[in-house]
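Data block below; observations after.
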Amino acid sequence: MSAARNDAPIGIFDSGMGGLTVMRALMAQLPRECFIYLGDTARLPYGTKSGETVSRYAVQAAGALMRRRVKLIVVACNTASAVALPALEAAFAPVPVIGVVEPGAAAAISAAPRGPIAILATESTVRGGAYVRAIQALNRDAEIVQQACPLFVPLAEDGLIDGPIAELVAERYLAPLFAQDAARPQCVVLGCTHFPVLERVIARVVGQHVPLVDSAVTTAQAVAHLLAEKNLARGGTAPAPPLFLATDAPERFARVGRIFLGREIPADKVEFVDLQAG
């Protein structure tokens, strides 16, 4: 593999800013790599759209990253990971494509081998059942319960990640899952990249003893393994600063994105991109 290819950036995309939690984990795991992040903010959320629409949007987003000559694509969106991976792999082979569902499923099985495992996700991810399939592929007998939590997304993007409003919403979604001791989940999968920023309030509702699985961390580990396996890891000099792309409102992307990335994003470092223009 050529040095130039190894020095190419890793491309990451999501429907909005939630996937920045995955980018944060990647930057911590792979400090020598360069990154380009695309948030399809003009068309979020993906979680309420049909599988066909999500696949079309995902291919367009990944195509924009491919034009930046990325060496690997990370689908930092549970909804797109659930429904669009076959389309992405077909469109962009031999460039590797990795999603967040399978690493999250593996971590859930590790935390609770027999379950019950609770999946918190968007309506589309729950409806598609991708986590159920991925977990049952590892253990067909694992007990799984799913819960759609659509209000978690706007709470996260508005910065309402703690306090009474967030706690009331979390109680509304999660209390029924933990009402009966016999069926209490033994771990909870945060099956949307927006949800890790609500981790503290979720932990208070479900109990500190219940493990919360953040697929961002396990995805970063899977990417590190794949880079080594494909001989694509970058070495040498320090990486260039990350590049951010947004399909709408770059200034809002910078303002809200810091909640998910855990650091400031200068507004002049977010570039507008029109996916429908090619």
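Just checking, which of Glu199, Glu157, Glu229, Glu167 is of a type in the set (Asp, Glu) and buried (at least 17 other Cβ atoms within 10 Å of the Cβ)?
Working: Glu199 fails: buried (at least 17 other Cβ atoms within 10 Å of the Cβ); Glu229 fails: buried (at least 17 other Cβ atoms within 10 Å of the Cβ); Glu167 fails: buried (at least 17 other Cβ atoms within 10 Å of the Cβ).
Going through Glu199, Glu157, Glu229, Glu167 in turn, just one is of a type in the set (Asp, Glu) and buried (at least 17 other Cβ atoms within 10 Å of the Cβ): Glu157.
Working only within segment 130-153, note down all residues that are under 14 Å from Gly191 (Cβ atoms), touching a helix residue (DSSP H, G or I) at 6+ places or on another chain (Cβ under 8 Å), surrounded by fewer than 24 Cβ atoms within 10 Å (Cβ to Cβ) and not polar (S, T, N, Q).
Residues satisfying the conditions are Ala134, Ile144, Val145, Ala148, Pro150.
Considering only residues of segment 114-129 that are touching a strand residue (DSSP E or B) at 6+ places or on another chain (Cβ under 7 Å) and surrounded by fewer than 18 Cβ atoms within 10 Å (Cβ to Cβ), which is nearest to Thr79 (Cα to Cα)? First the steps, then the outcome.
We begin by selecting, within segment 114-129, every residue touching a strand residue (DSSP E or B) at 6+ places or on another chain (Cβ under 7 Å); these are 115-123, 126.
Imposing the further condition that a residue be surrounded by fewer than 18 Cβ atoms within 10 Å (Cβ to Cβ) reduces the set to 116, 123.
Details: Pro116: 22, Glu123: 9 Å.
Here the answer is Glu123.
For Thr53, indicate whether it is in contact (Cβ under 8 Å) with a residue 24 or more places away in the chain, of a type in the set (Val, Ile, Thr) and not assigned by TED's automatic domain parsing to the domain that holds His194.
Values: in contact (Cβ under 8 Å) with a residue 24 or more places away in the chain: no; of a type in the set (Val, Ile, Thr): yes; not assigned by TED's automatic domain parsing to the domain that holds His194: yes.
Answer is no for this residue.
Please indicate, with yes or no, whether at least one residue in segment 124-137 is aromatic (Phe, Trp, Tyr) and within 16 Å of the chain's Cα centre (by Cα).
yes
Which ones in segment 27-52 are farther than 19 Å from Asn78 by Cα and either acidic (Asp, Glu) or in contact with a Cys (Cβ under 8 Å, 6 or more places away or on another chain) (or both)?
Glu33
In segment 37-67, how many residues are over 15 Å from the mean Cα position of the chain (by Cα) and of a type outside the set (D, E, K, R)?
Selection size over segment 37-67: 13.
Which of the residues that make up segment 24-54 are within 17 Å of Ala87 (Cβ to Cβ) and at pLDDT below 95?
Arg43, Tyr46, Lys49, Ser50, Gly51, Glu52, Thr53, Val54
Please identify the pairs in which a residue from segment 188-208 that is within 15 Å of Val153 (Cβ to Cβ) has its Cβ atom under 7 Å from the Cβ atom of a residue that is outside any helix (DSSP H, G or I) and among the hydroxyl-bearing types (Ser, Thr, Tyr), counting only partners at least 6 apart or on another chain.
From segment 188-208, the pairs are Cys192/Thr122.
Residues that are under 29 Å from Ile10 (Cβ atoms) and surrounded by fewer than 19 Cβ atoms within 10 Å (Cβ to Cβ): does segment 183-195 have at least one?
Looking for residues that are under 29 Å from Ile10 (Cβ atoms) and surrounded by fewer than 19 Cβ atoms within 10 Å (Cβ to Cβ), one finds none in segment 183-195, hence no.
The values are calculated or read from the model by the stated rules, or taken from the named source; none is laboratory data. All of these numbers come straight from a predicted model, not from anything done at the bench. Backbone-built Cβ (ideal geometry, glycine too); neighbour counts: all protein chains shown.
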